[in-house]
1. Is it fair to say T60 is open to solvent by less than 40 Å² (accessible area, probe 1.4 Å) and over 24 Å from G239 (Cα atoms)?
2. Being open to solvent by 30 Å² or more (accessible area, probe 1.4 Å), out of contact with any strand residue (DSSP E or B) (no Cβ under 9 Å at 6 or more places or on another chain) and within 22 Å of P107 (Cβ to Cβ) is the requirement here; does D202 meet it?
3. Scan the stretch 159-182 for residues that are in a strand (DSSP E or B), of a type in the set (A, V, I, L, M, F, W, C) and open to solvent by less than 50 Å² (accessible area, probe 1.4 Å) and jot them down.
4. With the condition kept exactly as written, say whether any residue in the stretch 9-21 is over 26 Å from S216 (Cα atoms), touching a strand residue (DSSP E or B) at 6+ places or on another chain (Cβ under 7 Å), among the basic types (K, R) and touching a residue at least 24 places away in the same chain (Cβ under 8 Å).
5. Assess whether L83 counts as being touching an Asp or Glu at 6+ places or on another chain (Cβ under 8 Å), within 28 Å of V215 (Cβ to Cβ) and modelled with pLDDT of 95 or more.
6. Looking at the stretch 49-80, which of the residues that are of a type in the set (G, A, S) and not in a loop (DSSP other than H, G, I, E, B) is modelled with the lowest pLDDT?
7. Suppose the filter is closer than 15 Å to A226 by Cα and over 18 Å from the mean Cα position of the chain (by Cα); does V121 pass it?
8. In contact (Cβ under 8 Å) with a residue 40 or more places away in the chain and within 19 Å of W195 (Cβ to Cβ): is that true of E118 in this structure?
Amino acid sequence: MAQRWDPGRPLLDMSPGKWLQERLWTWGAGSNRQGLAVGSLVPEGFEAYARVLHPATSETERGFESVRWSVIASWTGRTVHPLMQFHRIADLPAFPGHRAPKWGFVPSEGEMPWAEGERLVAILRAHTATPDRCYLGLWEGYGVPELNAFANLPRLMLPHRAYFLFLGPIDAVTSMSIGGFQHPPNLWWPEDRAWCVASEIDLSETYLAASEACVSEVTSDPGLEAYPVPLEGRVDVDGDLINR
């Protein structure tokens, strides 16, 4: 695992995030007015979009191992498709954290696992001219002392969420540590705005807005379980219209 990277204090100038305020949909906007859409998490105006699924954890004779959503769907007989919802394919309640599956643990929410984060960073590094200058947004609401110390500092205000904003290299995505609090950013993009990544705190997947070439590389990478998705695709807990 990479050496920890401490970003120091958050930025005071929130203007680098103004473009997101202008290009993110409010929740329930767009053609999808009954739920949360991809365009509410990553900005409109890109050629393509992808959904990177966080793996679940299965308890086996060899110990705990990552398990893909597609594998779990094969266990339950559900249909694999780009907008599948974990609780539907795993046959769990709508909020799976309320009941642990018998076979292990549900995927992480709001935080891309380290291995998947490293794979994504490796791909995205080649798709920006400013990999050493990335904006890293960390959700304000984790309630830890390290973030509470920033209570009087500015935040990037986006629909329904606010973020402390830091500036750092792309490698900081998987090594970010503020004091004793280690957590990858929930929202990050390079200075040249070649792409944008979001891990919404209540979802067990990460979203990418980028070029068609970049999204194609991400969705075809064998180390990631990722699918291309439309900007208007519904991503809330009732967004799986195939696995009812």
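The values are calculated or read from the model by the stated rules, or taken from the named source; none is laboratory data. Quick caveat, the model's predicted, so the values are computed rather than measured. Because the Cβ atoms are built from the backbone with ideal geometry, glycine has one as well, and the counts that use them run over all protein chains shown. Accessible surface areas use protein heavy atoms only, side chains included; no ligands, DNA or RNA. Shrake-Rupley method; radii C 1.70, N 1.55, O 1.52, S 1.80 Å.
1. Considered against the rule, which asks whether it is open to solvent by less than 40 Å² (accessible area, probe 1.4 Å) and over 24 Å from G239 (Cα atoms), T60 comes out as no.
2. Yes: the conditions hold for D202.
3. Of everything in the stretch 159-182, those that are in a strand (DSSP E or B), of a type in the set (A, V, I, L, M, F, W, C) and open to solvent by less than 50 Å² (accessible area, probe 1.4 Å) turn out to be A162, F164, L165, F166, M176, I178, F181.
4. Taking every residue of the stretch 9-21 in turn, none turns out to be over 26 Å from S216 (Cα atoms), touching a strand residue (DSSP E or B) at 6+ places or on another chain (Cβ under 7 Å), among the basic types (K, R) and touching a residue at least 24 places away in the same chain (Cβ under 8 Å).
5. Yes, satisfied.
6. G63
7. no
8. yes
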